[in-house]
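Since the structure comes first, as structure tokens, the remarks are kept for the end.
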Amino acid sequence: MTVPVEVRRLRWWDVAGVVPLERALFGPTAWSPEVFWAELAQQGTRWYVAAVDAGDGALLGYAGLLHSGAEADVQTIAVAPAAQGRGVGARLLRELLAEAARRGCTSAMLEVRADNAAAVALYRRFGFERISVRRGYYQPGSVDAWVMRLRPLPPAQASGVPDGPRPIG
């Protein structure tokens, strides 16, 4: 039996739980606590959400969006290894795209490691198309980044992520 997952807005007090997951997933390129705090402080152009286990409140993932004018940029999507394959990444991406549309964006861009097959498949499933390659973008390791774009965005939904939890589904 799977435990329901809830999505809510990411807050500054979540950073203590986000940073260890960030380090586990992204290693030497992981964001510091200060980067997360700076991102959360820019509420006018940023939108971050967290996915948590409805049973025990454990952090399962998080995602962030930068928006400016008609363009949105997916800054990050991270899902804990134990939660992968449960639809958490798709839900987080759906929330980001819905928020971008609510804020008047008409397209979304992102960069993804070319060797991250699961992430590439997720983005393609949502309609993102590769538009360019940044050779050796991810360091260390000199891994290429695919730049992907979704245009147009799906229509805005009536309501956003509340400050409290909202079930996935």
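The values are calculated or read from the model by the stated rules, or taken from the named source; none is laboratory data. Just so we're clear, the structure is a prediction, and the values are computed from it rather than from any experiment. With ideal geometry, Cβ positions are generated from the backbone for all residues, glycine too; neighbour counts draw on all protein chains shown.
Considering only the stretch 6-16, state which residues are buried (at least 16 other Cβ atoms within 10 Å of the Cβ) and over 19 Å from residue 99 (Cα atoms).
Once the filter is applied, which keeps residues that are buried (at least 16 other Cβ atoms within 10 Å of the Cβ) and over 19 Å from residue 99 (Cα atoms), the stretch 6-16 yields 14, 15.
Selection of the stretch 21-31 for residues being part of a helix (DSSP H, G or I) and either closer than 20 Å to residue 68 by Cβ or among the aromatic types (Phe, Trp, Tyr) (or both) yields only 26.
May I ask you to list the residues in the stretch 118-169 that are on the phi > 0 side of the Ramachandran plot and modelled with pLDDT under 95? Hits for the stretch 118-169 are 136, 141, 142, 169.
When the stretch 70-105 is filtered for residues that are more than 23 Å from residue 145 (Cβ to Cβ) and more than 14 Å from the chain's Cα centre (by Cα), the ones remaining, listed by number, are 82, 83, 85, 86, 101, 102, 103, 104.
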